[in-house]
Amino acid sequence: MGTALVYHEDMTAARLLWDDPECEIECPERLTTALERLQQHGLEQRCLRLVAREASEAELGLVHSPEYVALLRGTQALGTRELQALSKQYDAVYLHPSTFHCARLAAGAALQLVDAVLMGAVRNGLALVSQRATANGFCVFNNVAIAAKHAQQKHGLHRILIVDWDIHHGQGIQYIFEDDPSVLYFSWHRYEHGHFWPCLRESDADAVGRGRGLGFTVNLPWNQVGMGNADYVAAFLHVLLPLAFEFDPELVLVSAGFDSAIGDPEGQMLATPECFAHLTQLLQVLAGGRVCAVLEGGYHLESLSQSVCMMVRALLGDPALPLSGPMEPHGSALESLQCVRAAQAPHWVSLQQQGAAPVLSSGTRCPEGRPSPLPPGEPEFKAVVTQAAAALSSLLDQLRLHPTPPVRVAVALTAPVTGLALPPGVLCEEGSLPQEEMQAWARPHEALAQDEALIALGKVLYLLDRILDGQVSSGTAATPVPAAAATLDVAVRYGLSHGAQRLLCVAVGKLDRPPDLTDDGRNLWLNIGGKEATAPSMFHVSVPLPVTTGGFLSCVLALVLPLAYSFQPDLVLVALGPGHGLRDPQAALLAALLRGLAGGRVFTLVDEESTPQLATVLARVLNGEAPPSLGPFSMAAPEDTQALMYLRGRLEPRWKMLQVAGEAAGPGSG
């Protein structure tokens, strides 16, 4: 199973036949530049290429009226003057003789992708399409909505998640599914207190669906331009993912509009292309990894093409590049997040257990007498474009400096495991550190004096060295139970002394932080399920092991990941020690979510008493596969919720990604 790329050259046929400043940004180069960039990076060659087919009129009729389809069909026979006259009857619409054909190809590409994924031919994919009829965000046909209806009717799906990160509100999708509890629709969009197109009251945070669909429409309005990587990741961690895990989708559809990327004249936002790799990886832990993305907006050609490449790299399972810039959400973003959480809390247990506030009656509308923030003027936007050029240049430098390692995942075991089936492409590492060096690292620890423990340590440090020098992306290793804590201590010190500048250690079970480990800000130690820290600090955090699915998800999404993204490590160690108590799916999800950090440099240590298949499960998720399902959602225990809320309150001043409310924003964050 791999990644599909669905495309058709005919979709580059439509060009402006008359001057129309509002529509000139929709040009064939959007597609051709993105495809060329995919080819330059060798990404297209790694995908299963599917030639798009036309959607039938019956398929278009899943969401569109026969009259609308007939109107578009009739444009094929019109001359230039007639097309121009018809276009002027609508808002920023441009029609071309090939519009109907291209639009059917775009819708058909989305349907082909859904069929390929749901029939098991591929794991995920991108439909690279272009047929937008307006600079303001209307598509000729609503490709994602058609794909969702198709998945329901042809494949019998009961739970579909639609993630719309295009910069415009997808009101068409909202209207179609607002009373349908089988579709969870999430959209972030420029809103500016109702002053940005489409200027609809129902684009605000308190529009949550109607009837049986209450809570299944999730609107996150951005009331200022300039939102960046921290804001987008915070939106996923604090709003989208908690709801998505509770919803448990069978398929994820992405309205992949890159007008929300840096430099775009429509969006005027600051998220850099690698951010979309992180967002994609976060979505891939859902629905067994069945993610179908459909290209929508994106009008800064370099930013668009780089963002497409970053997304396809993530779909293929490649490590995401580290995020650039400080991970501190804007105050305006935090206000919007709090409004959404408050509006959705009555409908979702996952938000209720995190202490979301009651519904806010005012939504995010502009208070009386307060002017709406205006988008940047020409000088300000030129500065944004300059910043975009610098960010994209930095991204190219990162790609040159941090190429994908030749080995994506390696596994080091102390002894052969009967029936262990490693995924294709995963290396079984047999190397070890030289004897003298290994003994020098082991000398301070009595638990490492035994031959078995010493052999295991040599393999662990050898594999860790291969990760640090860029030969291996990530890895997993087994350690004897009595030596688990000592092995982790040595691994942390080895990593910090061999190139890691910021090391995140997530220790689950009886793996306490050594008291003599230097607290210099280079190591963030997070202990889940161990004894409470005797001297807790901002770099030493202890949390009880949650016993329910909901508690575990809250711990990971509301604490572990925000801490990790705030810290921005360049190496992650995940250690499952004695009494870790995690089921295989929980351990796999933890590793899969942390895989987005540190450029994919994640090393998992497992004690030998864990289930024999755990090493295989971890290797699979580190290799880019989706983790197994956690099973039915269950609410967190009250004591787990209280412990989590206490920790968040104590840690928020230092780790800004923990913030979810506007009033928690520190100086300079807005």
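In terms of solvent-accessible area of protein heavy atoms at a 1.4 angstrom probe, what is the ranking of PHE539, PHE603, highest value first?
My answer, sorted largest first, is PHE539, PHE603.
Determine the relative contact order of the chain: mean sequence separation of Cα pairs under 8 Å and six or more apart, normalised by residue count, in whole percent.
12 percent
Can you check how the C-alpha radius of gyration of segment 264-347 compares to 2.2 N^0.38 Å, as a plain ratio?
Segment 264-347 yields a ratio of 1.26.
Taking only C-alpha pairs under 8 Å that are 6+ residues apart, what is the relative contact order of segment 447-553 in percent?
Computed value for segment 447-553: 18 percent relative contact order.
For every helix of n ≥ 4 consecutive DSSP H residues, a contribution of -39,500 (n - 2.57) applies; sum these over the chain, divide by its total residues, and give [θ] at 222 nm rounded to the nearest 500 deg cm²/dmol.
Dividing the helical sum by the residues of the chain leaves -11000 deg cm²/dmol.
Where in segment 563-594 is the amide nitrogen less than 19 Å from a point lying 7 Å along the Cα-to-Cβ axis of GLU452?
Label zone hits: 576-580.
With the full set of protein chains in place, find how many percent of the accessible area of segment 569-634 is carbon and sulfur; take the probe as 1.4 Å.
Roughly 54 percent of what the probe reaches on segment 569-634 is carbon or sulfur.
Can you compute the modelled spin-label distance between GLU29 and LEU48, with each label point 7 Å from Cα toward Cβ, in nm?
Reported label-point gap for GLU29 and LEU48 is 3.5 nm.
Tally up the carbon and sulfur contribution to the accessible surface of segment 422-554 as a whole percent, 1.4 Å probe, everything protein left in place.
52 percent
How much FRET efficiency would the formula 1/(1 + (r/R0)^6) give for LEU214 and LEU517, where r is the Cβ-Cβ distance and R0 is 56 Å, rounded to 0.05?
Approximately 0.70, to the nearest 0.05.
Let's see if you can work this out: charge +1 on each Lys and Arg Cβ, -1 on each Asp and Glu Cβ, no other charges. What is the dipole magnitude of the chain about its Cα centre, in debye to the nearest 20?
The dipole magnitude comes to about 480 debye.
Could you state the number of Å between the C-alpha centres of segment 596-630 and segment 526-581?
16 Å
Quick check: at a probe of 1.4 Å, how many percent of the accessible area of segment 218-292 sits on carbon and sulfur atoms?
Result for segment 218-292: 41 percent of the exposed heavy-atom area is carbon or sulfur.
In degrees, nearest 10, range 0 to 90: what is the angle between the Cα axis of helix 99-118 and the longest Cα principal axis of the chain?
Roughly 30 degrees between the two axes.
Work out how far the C-alpha atoms of segment 529-670 reach from end to end along every principal axis, then list the three figures in whole Å, largest first.
Answer, in whole Å and largest first: 49, 34, 32 Å.
Taking loop as defined by DSSP and a crowding limit of 16 other beta carbons within 10 Å, which GluC sites (Glu not before Pro) in segment 599-628 fit? Show your work: numbers first, answer last.
Details: sites: GLU608, GLU609, GLU625; in loops: GLU608, GLU609, GLU625.
Sites meeting the loop and neighbour criteria: GLU609.
Between LEU316 and GLN435, what length in nm is gained on full extension when 0.36 nm per residue of separation is reduced by their alpha carbon distance?
Contour length minus Cα-Cα distance gives 39.0 nm.
Read through the labelled values (i) 86, 54, 49; (ii) 71, 62, 62; (iii) 90, 60, 50 and report the label of the one computed as Cα extents along the principal axes in Å from the structure.
(i)
With unit charges on the beta carbon (Lys/Arg positive, Asp/Glu negative), name the residue among GLN268, LEU38, GLY298 whose Cα is farthest towards the positive pole of the charge dipole of the chain.
LEU38
For GLU82 and GLU57, what is the calculated FRET efficiency with R₀ set at 22 Å and r taken between the beta-carbons, to the nearest 0.05? Each step should come with its number before you reach the end.
Details: r = 22 Å, r/R0 = 1.00.
The calculated FRET efficiency here is 0.50.
Over the alpha-carbon set of segment 511-556, divide Rg by the Kirkwood Rh and report the Rg/Rh ratio to two decimals.
That ratio is 1.02, to two decimals.
So for segment 415-483, averaging the separation of alpha carbon pairs under 8 Å that are six or more residues apart and normalising by length, what relative contact order in percent results?
The normalised contact order for segment 415-483 reaches 31 percent.
Please give the contour-minus-distance gain from ALA70 to PHE633: 0.36 nm per residue of separation, less the Cα-Cα distance, rounded to one decimal in nm.
In short, 198.1 nm is gained.
Stokes-Einstein diffusion coefficient for segment 408-495 at 37 °C in a medium of 0.692 mPa s, Rh from the Kirkwood formula over Cα pairs: what value in µm²/s?
Roughly 249 µm²/s, to the nearest whole number.
Can you sort ILE176, ILE528 by solvent-accessible area, 1.4 Å probe, largest first?
ILE176, ILE528
How much area per residue is accessible in segment 44-120 when the probe is 1.4 Å and only protein heavy atoms are counted (Å²)?
Values: 3590 Å² over 77 residues.
Per-residue accessible area for segment 44-120 comes out at 47 Å².
What do you get for Rg/Rh over segment 252-294 if you use C-alpha atoms and the Kirkwood form of Rh?
So for segment 252-294, dividing Rg by the Kirkwood Rh gives 1.04.
The values are calculated or read from the model by the stated rules, or taken from the named source; none is laboratory data. Remember, predicted model here, so these are calculated numbers, not experimental data. Backbone-built Cβ (ideal geometry, glycine too); neighbour counts: all protein chains shown. Protein only, heavy atoms only, side chains kept; ligands, DNA and RNA dropped before computing areas. Shrake-Rupley method; radii C 1.70, N 1.55, O 1.52, S 1.80 Å.
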